[in-house]
Amino acid sequence: MNKVKVYGYPKCSTCVKAQKYLKSHDIDFDSVDITLQPPSKTALKAMLKSYGGEIKKLLNTSGVKYRELGLSKKLPDMTNDDVINLLADEGKLIKRPFLLINNAAQRVGFKEEEWKSALNI
């Protein structure tokens, strides 16, 4: 049986939708508040690798924190390690939901077809 972990934010409508999707398919999962406990640097690096090194795929670019920190201007001068360190400290900067299956990075964001494939439904 797969161990499914979903990092999300309780007030995020997309996260709620993803959790409803999992429940509707009788998939047991652990839900983690991404703002209180962001994914580990190891998980973030694995997710980055699964997206071909496109660091922006991991970022919640529409979030308040992203704008407050002026990341759109700073990002081009940052290394991937700089960004990973920042994400590991500030969960609100991470695109959510953040899906791990058996502790392996799978998806960020919720697209039903992608999750269906990742979960072998």
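Listed here are the pairs Lys20/Lys49; Lys5/Lys41; Lys11/Lys74; which of them are more than 19 Å apart at the Cα? Going by Cα-Cα distance, Lys20/Lys49; Lys11/Lys74 fall outside the 19 Å limit. Given the options Lys11, Lys92, Lys65, which has the most mean-square fluctuation in a GNM of the chain, springs set between C-alpha atoms less than 10 angstrom apart? Maximum fluctuation in the GNM of the chain, among the listed residues, is at Lys11. Taking a straight Cα-Cα cut-off under 19 Å and skipping sequence neighbours fewer than 8 places away in the same chain, the lysines within cross-link reach of Lys73 are Lys56, Lys57, Lys65, Lys92, Lys95. Please report the net charge: other residues with Cβ closer than 15 Å to the Cβ of Ile34, K and R +1, D and E -1. Charge balance in the 15 Å sphere: +4.
Placing pseudo-labels 7 Å out from each Cα toward the beta carbon at Glu54 and Lys11 gives an inter-label distance of 2.9 nm. Checking every one of the chymotrypsin sites (Phe, Trp or Tyr not before Pro) in the stretch 1-57 against DSSP loop status and a limit of 13 other Cβ atoms within 10 Å picks out no site at all.
With kT/(6 pi eta Rh) evaluated at 10 °C and eta = 1.306 mPa s, and Rh the Kirkwood radius from Cα pairs, the chain diffuses with a coefficient of 110 µm²/s according to Stokes-Einstein.
State the antiparallel share, in %, of DSSP beta bridges confined to the chain, rounding to the nearest 5.
In the chain, DSSP labels about 65 percent of beta bridges as antiparallel.
Under the criterion of Cα pairs below 8 Å and six or more residues apart, the relative contact order for the chain equals 36 percent.
Any read-out appearing in this document is the output of simple, stated calculations on the displayed coordinates, not a laboratory observation. Because the structure is a prediction, the values reported are computed rather than measured. Backbone-built Cβ (ideal geometry, glycine too); neighbour counts: all protein chains shown.
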